[in-house]
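J.: Below is a structure I'd like to ask you about.
The values are calculated or read from the model by the stated rules, or taken from the named source; none is laboratory data. Quick caveat: nothing in here was measured; it's all calculated off a predicted structure. Positions of Cβ are generated from backbone atoms using ideal geometry, with glycine treated the same way; all protein chains shown enter the neighbour counts. These area figures cover heavy atoms from the full protein model, side chains too; ligands, DNA and RNA do not enter into them. Shrake-Rupley method; radii C 1.70, N 1.55, O 1.52, S 1.80 Å.
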Amino acid sequence: MTTYIWVAVVVVAVVAVAAVAYVTLQRQKRRNHLRERFGPEYERMVAQRENRREAEEELLAREQRHAELDIRPLPEQSRDTYANRWADVQERFVDAPGFAVTEADQLVTAVMAERGYPTEDFEQRVSDLSVTHAATLDHYRTAHEISGRAARKEASTEELRQAMVHYRALFEELLHETTRGR
């Protein structure tokens, strides 16, 4: 009888260790997936949240929301039209840098809208973009922040130039991306 108890204890212990190992492995796989997918946005979220689990749940929710969106590539004609509009905006920068930055922001938003991204709220745009455009998200945040200061006439010409460079990074990605990563 004692032998059966010891065997049962050992079996329960092995099952418990296996369960803990499985859960740990799954967590690590999820963490690696999120780090790879979200890049610097992963670390940003971890720093902003109470704990890593909460940040990871937020990123998983972003993935789920993104999967429900109807994101589509731009037709070639639209890409050409937007590329021409971007060239016009860059030309206007010489004479009216603040206005050009505002136009660049509006142009990025228009491309997002045609691609199928919701565009009502900046924070929601960032959240939706983070799933497939994490590498250029900081560009977008920086450009948007400078654009806000430009609207209040608080940005230098050099900052406005930087905003254009930052907007262009996301604009180019949105313009030429297909629906990869979905």
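J.: Across 10 Å bins from 0, what is the distribution of all Cα-Cα pair distances for the chain, in whole percents?
T.: Percent of pairs per bin, in order: 9, 29, 27, 16, 8, 5, 4, 2, 1, 0.
J.: Out of the stretch 140-176, which trypsin sites (Lys or Arg not before Pro) are coil in DSSP terms and have no more than 12 other C-beta atoms within 10 Å?
T.: Taking the stretch 140-176 and a limit of 12 other Cβ atoms within 10 Å, the loop trypsin sites (Lys or Arg not before Pro) found are 152, 153.
J.: Any chance you could run the full-extension gain for residue 72 through residue 176? It's 0.36 nm times the residue separation minus the Cα-Cα distance, nm to one decimal.
T.: In short, 36.3 nm is gained.
J.: Given a 1.4 Å probe and heavy atoms of the protein chains only, how would you sort 33, 166, 176, 133, largest accessible area at the top?
T.: In descending accessible area the options line up as 176, 33, 166, 133.
J.: Also, quick follow-up: Whole number in Å², please: accessible area per residue of the chain, 1.4 Å probe, ligands, DNA and RNA not counted.
T.: 59
J.: Further, regarding this structure: Would you work out what percent of the accessible area of the stretch 1-106, with all protein chains in place, is carbon or sulfur (probe 1.4 Å)?
T.: 56
J.: Per residue of the chain, what 222 nm ellipticity follows from adding -39500 (n - 2.57) for every DSSP H run with n ≥ 4, rounded to the nearest 500?
T.: That comes out to -27000 deg cm²/dmol.
J.: Moving on. Counting every Cα pair in the stretch 121-181, what percent are over 19 Å apart?
T.: Cα-Cα pairs in the stretch 121-181 separated by more than 19 Å: 32 percent.
J.: Restricting attention to the stretch 1-95, which GluC sites (Glu not before Pro) occupy a DSSP loop and are surrounded by at most 16 other Cβ atoms within 10 Å?
T.: Answer by residue number: 50.
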